[in-house]
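Enquirer: What follows is a single structure, and I will ask about it in a moment.
The values are calculated or read from the model by the stated rules, or taken from the named source; none is laboratory data. Keep in mind the model is a prediction, meaning the values are calculated, not measured. Glycine also receives a Cβ, built like all others from the backbone with ideal geometry; neighbour counts cover every protein chain displayed. Surface accessibility is based on the protein's heavy atoms, side chains included, excluding ligands, DNA and RNA. Shrake-Rupley method; radii C 1.70, N 1.55, O 1.52, S 1.80 Å.
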Amino acid sequence: MKTVLTSVLSRLRALFHRHRLEREMLEEMRLHLEALRDDFISDGMTPEEARCAALKRFGGLAQLEERCRDEHGFAWVGQTWKDLRFTLRSLRQAKLYALAVVLSLVFGAGVAAVAATFTLWAFATKRPWGAERLFLVGSSQSKTPGQWVRWGVDFAELQARHTAIADFVAAGEFLAKVEVERGPPFARITQLTPGCFEFFGITPRLGRGLRAADYLPGAKPVVVIGYVPWLRIFNGDEQALGRTLRIDGQDCRLVGVLDSGSPFPSVMTGHFYVPYVGQPDPGKPFEQRMIIAARLHPGVTPLQANARLALAPPVGLGDDARPFFAAHPPVLVPIDRVLNHDVNNAILVGGVLLYLIACLNVVNLGLVRLLARWREFAIRLSLGGSRRQVMRLLLLEHGILASVAVALLLLFFRHGANLVFAAITGDPNLRNAFFLEPFHLCCIFGGTALAILTAIVVSALRLRRVHLGAALKEGDSSGGESRRMKRRRNALMIAQATLAVVLMTATGLMALSLARIMHADFGFDSSQRLKVWLAFPRGHPSDAADRRPYFEKLWAQLASRPEIAGHSIGQDAMLPGSHRNTTPVIAPDGSVIMVAGCSADANLGDNLGLRLHSGRWLSNLPGTKETVLTENLAARLFPASDPLGREVHSGAHGETALTVVGVVQDVRDTLREPTGFRLFLPLWMDPSRIETMILRLAGPMRPKFDYEIFEAIRGFDPEVIPAFVSPIQELLQPAISRELYVLRALCGFAGIGYVLALVALFATTAYTVESRMHEYGIRLALGSTPRALRLHVLGQGMACALYGLGLGTVLAGGLTWLMRELLFQTSGFEPVVSLVIAVLLAAATLLASLRAALRAGRANPAALLKAE
Amino acid sequence: MPKLDLLQGTLDMLVLQVLSGGPMHGWGIAQRLQLLSKNTLQVEEGSMYPAMYRMEHKGWITAEWGVSENNRKAKFYQLTAEGRKQLTAETKDWNRLCLAIRDVMAGAS
C-alpha cells in the first residue's frame, strides 16, 4: 500500500517535471551509449563499428525511450493531446452531429434536469416535516378550493375544546392600504395566530418570524414580508430589516423576509404577515374568514379526530348562523391537497419524459456516429491500436460535447433563465427571482453526465464486438451493423417517438381543457363587462354603513365616460368569489337549505347579462320583498310547480318572506365548483354589504381603460381599496394560473421533444439510406423504380412513427391520470388531440425522411456497382 | 558458452543487489552485472533504465547527478531503506524458488 502511494505521488510529481525528466533521460542514455562506444573503441573497433555495437548492446533506442516515458507515467499526456486534436478535427467535419448532440443535451437533458429539480426541490423543501400529520380544517370532502374556509368562531372553538387531539393555527386575510415608496397601494395581509412559523417549520430568509412577544398587548406592530414583495419594494436589499411599513395607517417594523416560493400552504400565502390579535364575535360569525391548520397529536388518527370535531356548532351563534355551522361541521383535509402536488407531478413527469427523449437521442446519434466510423476504428485496431485507445477517442469526443453543453447551460441560466421562468409562470415579477442553487447545479451536471455516460456505455458495448475482418472487407457497407443492431436502433427511434407523443398528448389535453375553461358558460355574459370590487378598510366611514350614497357619488364620477353603457351595484358574487351558503332558506318540506344571498340593484340582471328564464328582474322599490331565484334553487324549492308568485322564507326560522318574481339560469361563481343555490335580494334589504360595481361597456375595452377607472376611483377616494378593477374575463386568469403554468411548461417540453425526435429520425434515416445505397443500386438494376425506393424509405420512417403514435397514445393515459385534477371537462382520450398529434408526427416523419428518400431515389446503379 | 536471457522479473532484484554494494551509475551497474555473472547473463543494457525509473518511483532507489570516475557526468543511483527491504524479500523468494527447482530436478533424476 505504501509503495503504491509512493509510486502514485511520485508519478504525479513527474507530471509537473516531465520536460526536465525527459531531458535527463535522454542525457543519461546518451552518456551510457558514449561509454559503451568508448569501451568498444578501446577494444580495437573503429568508431563506426563501436557505435553500431554500442547501439546493439544498448537495445532499441526509440522503444526504450517510450518504455521510460511510460514508466514516468506521462506518455499518456502527449498521447491524449494528440487524441484531443484529432477529435476536434473530426468534430469539425461532423458539425451537424456535434450540433445535434449539444442541443439534445442543452434543451433536453439540461432543461429537463432543472425542471425536475425544481419540482423535486419544491416537494422536498416546501413540504413541511411531518406533513402526514398536518391537515386543514375544511367543510366538506369535495375537491374544491373553498372547502377549507372556516371562520374566526371556528378557530376559537377548536382552540378551546379540541386541544387534546391536535394543535391548531390559523390565518386570516384582509386587504389593507400599504404606504411604501415602491410597490402597490394595497396588499393582501395575512394575519397569523401564534406559533404559525414553528408549526410549518418555516425559517425566514432574513430576520425572524413572528414570536409570542409580538402578540402581547401593547407590543410594537411588526410585519414579515413575502419574497416577491421584498424584491419589488426593497429591490432585494438585505439591509431592509428594521425599516417601517405603514399598513392600514399603522407603522409596522419589518422583522423578517420569507424565502422564495411559498413557504406557507398556498391558501395561507399573502404579501405581508402580521400577528392576529382580534377576538371573533359570535354575533357576527362571518366577519373573519380563516384558514385553520391542525397537527394531530401522536396516537390520534384522522378518523378519531373527525369524530371528535363533529360536535355542536360554536357557542353564542345567532339563529341565522347556527344552521350554517350545523350543516358544515369541521372536517380534516390532508394538507397535501394544497401543496400543488398535481402541478409538480405534471411538471416533473414532463421533465423526466423530455430527459429520456434527450438521452435516447444522444445514444441514437452516438450509435449512428460510431457505425459511420466503423471502418476507421477497424483500421486503427488492425494497425496495432488498442480498444482502450479507440475508447479514449470516443470518451474525448463525448466529453467535449458534454463540456460545450454544460457551458451553454450555465450561460443560459446565468443570463436567460429568469426570463424563461417568468414567462412560464406568467409573473413578470419573478424575472429576478431565479437563483441557481448548488443543488440545481449538481442536477445539471449530473443529468448531462448521465446522458453522455449512457451514450458512451452503449457505444463501448458495441465496440467490443467489432470484427476486424468483416469491418475491413471491401464493399462491406453495413458498417458492422447486424440485424439485431438495426432492430435496436429502430427500437430507440420508436421509444423516442413514443415519449414525444406522450408529451404532446398531455400538452394537447391541457390546451383543450383550458380552451373549455375559457368558454365555460357561467350563466351570464362576461364579455365587455368590467368589475370593480372595493374593499373598505377598517375605520372607513362607509365600512358598515349604507353604501348606496357612496356608490352613487362614485358613479357620478364615472358616468360621463362614453365607453360605459350601463352600471349596476350589489354584493360581490361574480368571479372570483366563491359560493358561500350563508343564508338559510326554509324549504316547503320544512328542511333548511343554505343558499347564497346576493343583494343587487334593479339593473344588475341586464348589465350582467343574466339569462332570465321566466318572470322579471328585481324592481328594487323600497319595501318590496321580492326575490329572483336561480334555476336549481327554484327546482329544489318548487319541483312540481311554477315558482313565480310563490313565497320563499329565508332566515333561521323563515321570518323573512320573499315573493319570487323571476328565475334566472344557474350562475357559476368559480371554474370548478358546482353551481350552488343562489337568490337575489333587493339592495335596500342589506345596503351595508354593497361592494361591487359592474360596468357594462359600449364596445370592446380599449387598452388601459381599466387602469383609468382604477385611477379615477383612487382620485375619488384615496382611502378605499380598489381590490379588483378588471374585465370579468381577465378574472379567470388567477383561477387558471396553475393550469396555465403547467400548459406553458408542457408546451416547452413537448416542442423540444418533438424537435429532438425529428432530429433523431433525420439522422437515423439518413444513415440507413447511406449504408444501403449499394442495395438500392442493385434494386434499381433489377428493375425497381426511383419512386418505389423513395416510397420504401418514407414507409420505413412512417412505420417507426406509427408504432410511436400507438404506444404513445396508450402511455399518455398514465400521464393524464396524474393531471386529472387539472383537466376540465376533458378525458384522457380526445379524438381531436389524437388527430392533431398524428398529423404533426406524420409531418415530422415526412420532413425528416424526405431528404434521405430523395437520395435513395437518385441512386445510380452503374456508379454504385462500378464502385463495388 | 552462449549467454542466457534474464528470467522475467529478476532484473529488479539484480539491480538492487548490485546497488547494495554502493551508489552506481547505469553504465556501472551494467558492467557490474556482466562481471558478477561472468558474462553469462544477456541483458540489453538500455532495458535497465525503465526498470530503474520504475524502482525510483516506487521509492526503492534514489538518483542524483554526479561525476563518474572518468570525469564524466553521470546519474548515480542509491539503494534506500525500502529498497533494502525489497531486496531482502526478493532474495528470499528467489532462494525458495531455487530450492524448489533443485528439489524437483533432484527428485526426477
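Enquirer: For residues in segment A:185-233 being among the basic types (Lys, Arg), in contact (Cβ under 8 Å) with a residue 12 or more places away in the chain and not in a helix (DSSP H, G or I), which is nearest to residue A:719 (Cα to Cα)?
Expert: Checked segment A:185-233; the qualifying residue nearest to residue A:719 (Cα to Cα) is A:188.
Enquirer: Residues in segment A:264-277: is at least one of a type in the set (S, T, N, Q), within 35 Å of the chain's Cα centre (by Cα), modelled with pLDDT of 85 or more and not in a strand (DSSP E or B)?
Expert: Checking segment A:264-277: not a single residue is of a type in the set (S, T, N, Q), within 35 Å of the chain's Cα centre (by Cα), modelled with pLDDT of 85 or more and not in a strand (DSSP E or B).
Enquirer: Could you look through segment A:810-859, keep only residues that are part of a loop (DSSP other than H, G, I, E, B) and basic (Lys, Arg), and pick out the one that is farthest from residue A:497 (Cα to Cα)?
Expert: A:858
Enquirer: Out of the residues in segment A:54-69 that are open to solvent by less than 40 Å² (accessible area, probe 1.4 Å) and facing chain B (nearest Cβ under 7 Å), which is farthest from residue B:77 (Cα to Cα)?
Expert: So, considering only residues that are open to solvent by less than 40 Å² (accessible area, probe 1.4 Å) and facing chain B (nearest Cβ under 7 Å), the one farthest from residue B:77 (Cα to Cα) is A:59.
Enquirer: Facing chain A (nearest Cβ under 9 Å) and in contact with a Gly (Cβ under 6 Å, 6 or more places away or on another chain), is that true of residue B:44?
Expert: For residue B:44, the condition - facing chain A (nearest Cβ under 9 Å) and in contact with a Gly (Cβ under 6 Å, 6 or more places away or on another chain) - is met.
Enquirer: Quick check on this structure: which one of A:742, A:755 is of a type in the set (A, V, I, L, M) and at pLDDT 80 or above?
Expert: The unique qualifying residue is A:755.
Enquirer: Could you grab me the full set of residues in segment A:27-53 that are within 11 Å of chain B (Cβ to nearest Cβ) and either more than 15 Å from residue B:28 (Cα to Cα) or surrounded by fewer than 17 Cβ atoms within 10 Å (Cβ to Cβ) (or both)?
Expert: Answer for segment A:27-53, where residues must be within 11 Å of chain B (Cβ to nearest Cβ) and either more than 15 Å from residue B:28 (Cα to Cα) or surrounded by fewer than 17 Cβ atoms within 10 Å (Cβ to Cβ) (or both): A:27, A:30, A:34, A:38, A:39.
Enquirer: List pairs: first residue in segment A:489-516 and of a type in the set (Asp, Glu), second residue in a helix (DSSP H, G or I) anywhere in the structure, Cβ distance under 8 angstrom, at least six positions apart or on different chains.
Expert: Pairs that qualify, where the first residue is of a type in the set (Asp, Glu) and the partner is in a helix (DSSP H, G or I): there are none.
Enquirer: How many of the residues in segment A:362-388 are open to solvent by less than 50 Å² (accessible area, probe 1.4 Å) and in a helix (DSSP H, G or I)?
Expert: Qualifying residue count, segment A:362-388: 14.
Enquirer: Name the one entry in A:859, A:801, A:844 that is modelled with pLDDT of 80 or more, of a type in the set (Gly, Ala, Ser) and either buried (at least 22 other Cβ atoms within 10 Å of the Cβ) or within 26 Å of the chain's Cα centre (by Cα) (or both).
Expert: Answer to the selection: A:801.
Enquirer: Consider residue A:653 carefully, then state whether it is assigned to a loop (DSSP other than H, G, I, E, B) and open to solvent by 50 Å² or more (accessible area, probe 1.4 Å).
Expert: yes
Enquirer: Limited to segment B:73-83, what total is found for residues that are more than 7 Å from chain A (Cβ to nearest Cβ) and not in a helix (DSSP H, G or I)?
Expert: Qualifying residue count, segment B:73-83: 5.
Enquirer: Now, a different point. With the requirement that a residue be aliphatic (A, V, I, L, M), under 16 Å from residue A:172 (Cβ atoms) and crowded, with 22+ Cβ neighbours inside 10 Å, what does segment A:248-272 give you?
Expert: A:268
Enquirer: Right, another one. Please work out which one of (1) touching a strand residue (DSSP E or B) at 6+ places or on another chain (Cβ under 6 Å); (2) within 12 Å of chain A (Cβ to nearest Cβ) is the condition residue B:20 fails and give its number.
Expert: Status for residue B:20: all satisfied but (2).
Enquirer: Now for a separate question. So residue A:171 ticks every box in (1) among the small types (Gly, Ala, Ser); (2) more than 16 Å from residue A:271 (Cα to Cα); (3) within 31 Å of the chain's Cα centre (by Cα) but one. Which box is left unticked?
Expert: Unmet for residue A:171, out of (1) among the small types (Gly, Ala, Ser); (2) more than 16 Å from residue A:271 (Cα to Cα); (3) within 31 Å of the chain's Cα centre (by Cα): (2).
Enquirer: Next question, about the same structure. Residue B:107: more than 9 Å from chain A (Cβ to nearest Cβ) and surrounded by fewer than 10 Cβ atoms within 10 Å (Cβ to Cβ), yes or no?
Expert: Considered against the rule, which asks whether it is more than 9 Å from chain A (Cβ to nearest Cβ) and surrounded by fewer than 10 Cβ atoms within 10 Å (Cβ to Cβ), residue B:107 comes out as yes.
Enquirer: For segment A:186-200, give me each residue that is at pLDDT 85 or above and of a type in the set (Gly, Ala, Ser).
Expert: Hit for segment A:186-200 is A:195, nothing else.
Enquirer: When the residues of segment A:192-212 are narrowed to those that are open to solvent by 60 Å² or more (accessible area, probe 1.4 Å) and out of contact with any Pro (no Cβ under 7 Å at 6 or more places or on another chain), which ends up farthest from residue A:155 (Cα to Cα)?
Expert: Among them, the one singled out is A:205.
Enquirer: Now for a separate question. Mind listing whichever residues of segment A:696-714 are of a type outside the set (Gly, Ala, Ser) and surrounded by fewer than 18 Cβ atoms within 10 Å (Cβ to Cβ)?
Expert: A:700, A:702, A:703, A:704, A:707, A:708, A:710, A:711, A:714
Enquirer: In segment A:70-83, how many residues are at the interface with chain B (Cβ under 9 Å from one of its Cβ atoms) and part of a helix (DSSP H, G or I)?
Expert: 3
Enquirer: Would you check which residues across segment B:84-93 are closer than 17 Å to residue B:29 by Cβ and within 11 Å of chain A (Cβ to nearest Cβ) and list them?
Expert: Listed by number, the list holds a single entry, B:86.
Enquirer: Testing residue A:397 on (1) modelled with pLDDT under 80; (2) crowded, with 16+ Cβ neighbours inside 10 Å; (3) among the acidic types (Asp, Glu), one condition comes back false. Which one is that?
Expert: (1)
Enquirer: Pick out, from segment A:412-529, the helices (runs of 4 or more DSSP H) lying fully within it that include 3 or more residues that are at pLDDT 80 or above and of a type in the set (A, V, I, L, M).
Expert: A:438-463, A:483-518
Enquirer: Please find, within segment B:49-62, the residue that is farthest from the other protein chains (Cβ to nearest Cβ) out of those that are without any contact (Cβ under 8 Å) to a residue 40 or more places away in the chain and more than 22 Å from residue A:59 (Cα to Cα).
Expert: B:62
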